[in-house]
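Student: Can you keep this structure in mind? I'll have questions shortly.
Every read-out reported here was derived from the displayed coordinates using simple, explicitly stated rules and does not represent laboratory data. The structure displayed is predicted, hence computed values, not measured ones. For neighbour counting, all protein chains shown are included, and Cβ atoms are generated from backbone atoms with ideal geometry for every residue, glycine included.
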Amino acid sequence: MTELVTLVRHGNVGLVTIDNPPVNALSHGVRVALLQVLGSASGDDELAALVIACAGRTFVAGADIKEFGRPPLAPDLPEVVEFLDTLEKPVVAALHGTALGGGLELALACHYRVAAKGTKLGLPEVTLGILPGAGGTQRVPRLIGVAAALEMIVGGALISVEKAQALGLVDAVLDGELTAAAIEHARRVADQRPLPRVSARRATLEDPDVFERCTKETHERWRGYLAPFHCIEAVRAAVDLPFAEGLVRERALFQELMSSSQSRAQRHVFFGEREAAKPVGLASDVPARELGSVAVLGNAPDAFAVADCFAAARIPVRVLDPGSAPFTELADVDLVLDASSGELAEKRELFARLDDACKPLALLASSASDLDLDAIAAATRRARDVIGLRLAPPTGRLLEVLRGRDTSAEACATALRLGKRLGKLGVLVTAKPGGVGQRLFARWSREAAELVAQGAHPEHVERVLYDFGFTRDALARARLASTQTQSSNGAAHGRSDREILERCVFALVNESARLLDEQVAARPVDIDVICVLGQAFPAYRGGPLFYADEVGPTSVFEFVREYHRNVGSEEWAPSPTLERLAASRGRFYGRP
Ligand code: CAA
C-alpha cells in the first residue's frame, strides 16, 4: 500500500508528499503521518527547508468530510496546522488542482505558498454548514484583509490562482513542473529570517462598516443559514483578539456548527449529490452518444432559457417554433428537446412528426414531466430514444432525466453526460407523470392552497413556509394569493404556524415516500437532491426525507394517518414505505 505521507530529500530540501486519493483529504491516517514526518524533518539538521506537495490530481481538498459527525480522532487538524506554524525552518506549500478548506488552512500555516497555473483556492466550508476550523478564519484576514476574507469565507466560492496572487494568498504562480519549481523556491528562501508567519500579522480592518455591511448582505443571501453568521463572528475575532484567543473562539464556533442539524443536512446534500450522480440500474460503462447539435422546440421564455443552457455549454443550438418551423431543419440534429406546451394528443402527433424528420439515433426529449412519456414514445418508432429532460429551473443545477419504459440505457447515459456538459447534476428517475420535482412541488403547493381555501390567510401560509426556508420565488409559483377561499366571508380561521407547516411539509414527505413505493425514484437520496437542487427546498434541511428522519418518520406517519382519518382524501393515504418505517422505528437513511 502507498504511504500516505512520504519525505524525499532533494539536497537540503525535504519534499513532503501527501498521497491520499482521490482528493488528498486530511483523513486521520494523513494527520498522524504528516505530524510524524514533519516532526522528524524539523529535527533533521541536513534539511534547511521543506516543501509540502500532493500526489495525484489535487492539493489537499479539505478535511475528510466522511469523518465529520464521528468521534474525533487525535491528532485533529488544528493540532497539525499549529505544529506546522511552530517549525523553525521554512516550509513552502506547493498547490495544484483545488486547495480547499483544511487544505488551504494547511498551506496558510506554511511560510510560503506557490501554485501551478490553473489552481483554484477556496474555503467552501460554509456550504457544508460549518466554518474553516483549522485557523482559516484567523489567518486569512491577517493575510488579505478583512473585506476579502469575509468574501471568501462567508461566500465560500473558489477563486482563481491569479486572484489569489493579487490578494496575497499565494506568493508565486509557477510555470513548469510544480514540485521542481517549489523545491527551487524553497532553496532560495532557506536562509531568510525571520520566517514570515501569517499568525504573527495583524488583521487589517480597511473599513469599520465592513462587518455590518456583510451581515446585512448575508441576511439577504443566506437567510435561514447559521454558518455564514458564525463565519462573520469568527472573522471578527481575528480583528478583536490576539491570534491564540482567536483560534479558541473559532474552535467554539466551529464545534457549535459541527453539531448542528443544519450542518448534518448540508453534508448530507454534499454526499447526496455525488451518490445521486451514480444512478441505480445503469451500469457506469454504458456508452454515451456525442451530442454535436441540439434543437429546442418552443416559443415561450422557458424554451429560450433552456436553449441558453446549451449555448453557455458551447453546444450548437437552435430554437424552433413547433407551430411554424419546417422540420427539415431537424434532419441533422442529435437531440430535439420539446419545451413547448400542449396536451398529450398534440405531443403524440408532434413526436410522430419528429420521428419522421430526425435522423436515426437522434434523441427525442420532452420537458413536460406531467404527460405520459410512454404514450408519447409509443407514437414513434424509436421509443428507445425517447426520454424526458427537465431543466428545472433552467438557471438551476438540476437536470431531471425521466426514463420511459422503453428508453435505452444508452439514451440515459447520453442524457446524464449531457447534464455534466451543462454543468448540472443529472438525476435519473422513472417517467411517471409529474416526475419527481414537479409532482412534489404540486403536492405541497396544493396543500398550501387548500389551507388558504379553508380560510387561512395567504400571507400567513407564505410566511410560515418562507420561515421554513422555501424561497419567495417558489412561493410565488404556488400563487396562494389568487386562491379562492371556500368560506363565505373569507375570514381567516385561526391556524397555527405548526399546523400550516406540518400539513405542507408532511404532505410533501408522504408524497416523497410514495415516489419510493412506486419506484419512480430508486433511493431517498434522489428525491432529496431533486428537491434541494430543483425545488428550492432549503439545503440546510437536507431534503424532505432527510428532514423526515430528523423529525422522526413515526411522528410524520402518525400525523399523516390522523389527517387521512379526518379528511379521508386519497392523497393523504399514508405511503406504505412511511408506514413500514414507522412500524419498525426505522429511518429513510437507516438507523442512527
Ligand atoms: N472529504 C472526503 N471525501 C471527499 C472530500 C472531502 N473533503 N472531497 C471530495 N471527496 C470525495 C467525494 O465524495 C467523491 O467520492 P466518491 O467518488 O466516493 O463519490 C470523491 O472524493 C471525488 O469527489 P468529486 O466527485 O466531488 O470530484 P470532483 O473532481 O468533481 O471535485 C472537489 C473535486 C472540487 C475537491 C470536490 O470534491 C469538493 O468540492 N470537495 C469538497 C471540498 C470541501 O468542501 N473542502 C472543505 C472540507 S471541510 C474542512 O476542511 C473543514 C476544516 O476546516 C477543518
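Student: So how tilted is helix 227-240 from the main axis of the chain? Cα-based, degrees 0 to 90, rounded to 10.
Tutor: It works out to around 20 degrees.
Student: Points 7 angstrom from Cα along the Cβ direction at S40 and R314: gap in nanometres?
Tutor: A separation of 4.7 nm, rounded to one decimal place.
Student: In segment 370-408, whose amide N lies under 19 Å from the spot 7 Å out along Cα-to-Cβ of E571? List them in ranges.
Tutor: Counting backbone N atoms under 19 Å from the label point, the list is 370-372.
Student: How much length would be gained if the chain were fully extended between R9 and V32, taking 0.36 nm per residue of separation minus their Cα-Cα distance, in nm to one decimal?
Tutor: My answer for the length gained is 6.2 nm.
Student: For segment 223-243 and segment 15-45, what is the separation of their Cα centres, given in Å?
Tutor: Comparing the Cα centres of segment 223-243 and segment 15-45, I get a distance of 30 Å.
Student: Rounded to a whole number of µm²/s, how large is the Stokes-Einstein D of the chain at 20 °C and 1.002 mPa s, given Rh as the Kirkwood radius over C-alpha pairs?
Tutor: Translational diffusion coefficient: 81 µm²/s.
Student: Taking the Cα centroid of segment 55-73 and of segment 324-383, what is the distance between the two, rounded to the nearest whole Å?
Tutor: 46 Å
Student: Follow-up. Ignoring solvent entirely, what values of log10 I(q)/I(0) come out of the Debye formula for segment 54-131 at 0.16, 0.26 Å⁻¹ when each Cα is a single scatterer?
Tutor: Debye output, listed in q order: -0.63, -1.29.
Student: Also, quick follow-up: Counting other beta carbons within 10 Å of each Cβ, put W572, W222, W444 in order, fewest first.
Tutor: W222, W572, W444
Student: Between segment 260-279 and segment 530-592, what is the C-alpha centre distance in whole Å?
Tutor: Centre-to-centre (Cα) distance: 18 Å.
Student: So how do S260, S584 line up by other beta-carbon neighbours within 10 Å, fewest first?
Tutor: Result, fewest neighbours first: S584, S260.
Student: Could you list Y563, Y547, Y540 in order of exposure, starting from the residue whose Cβ has the fewest other Cβ atoms within 10 Å?
Tutor: Least crowded to most crowded, the residues run Y563, Y540, Y547.
Student: Counting C-alpha atoms alone, how compact is segment 453-579: give Rg to one decimal and Dmax as a whole number, in angstrom.
Tutor: For segment 453-579, the Cα radius of gyration and maximum Cα-Cα distance read 15.0, 46 Å.
Student: Counting only C-alpha contacts under 8 Å and six or more residues apart, can you give the relative contact order of the chain as a whole percent?
Tutor: It comes to 9 percent, rounded to a whole number.
Student: Can you figure out the FRET efficiency of A352 with A305, using R₀ = 30 Å and their beta-carbon distance, to the nearest 0.05?
Tutor: 0.65
Student: If you add up the charges near D45, with Lys and Arg at +1 and Asp and Glu at -1, over every other residue whose beta carbon is less than 14 angstrom from its beta carbon, what do you get?
Tutor: -1
Student: Turning to a different aspect of this structure: Round to the nearest 0.05 the FRET efficiency obtained for T328 and R397 when R0 = 25 Å and r is the Cβ-Cβ distance.
Tutor: About 0.10, to the nearest 0.05.
Student: Using the scaling law 2.2 N^0.38 Å as the reference, what is the normalised Cα Rg of segment 294-432?
Tutor: This ratio for segment 294-432 stands at 0.92.
Student: Turning to a different aspect of this structure: So what is Rg over Rh here for segment 215-307, counting just Cα atoms and using Kirkwood for Rh?
Tutor: A ratio of 1.23.
Student: Test of understanding: express the Cα radius of gyration of segment 5-259 as a ratio to 2.2 N^0.38 Å, with N the residue count.
Tutor: For segment 5-259, the normalised Cα radius of gyration comes out at 0.95.
Student: If I stretch the segment between K216 and F271 completely, what's the gain in nm (0.36 nm per residue apart, minus their alpha carbon distance), one decimal?
Tutor: 16.8 nm
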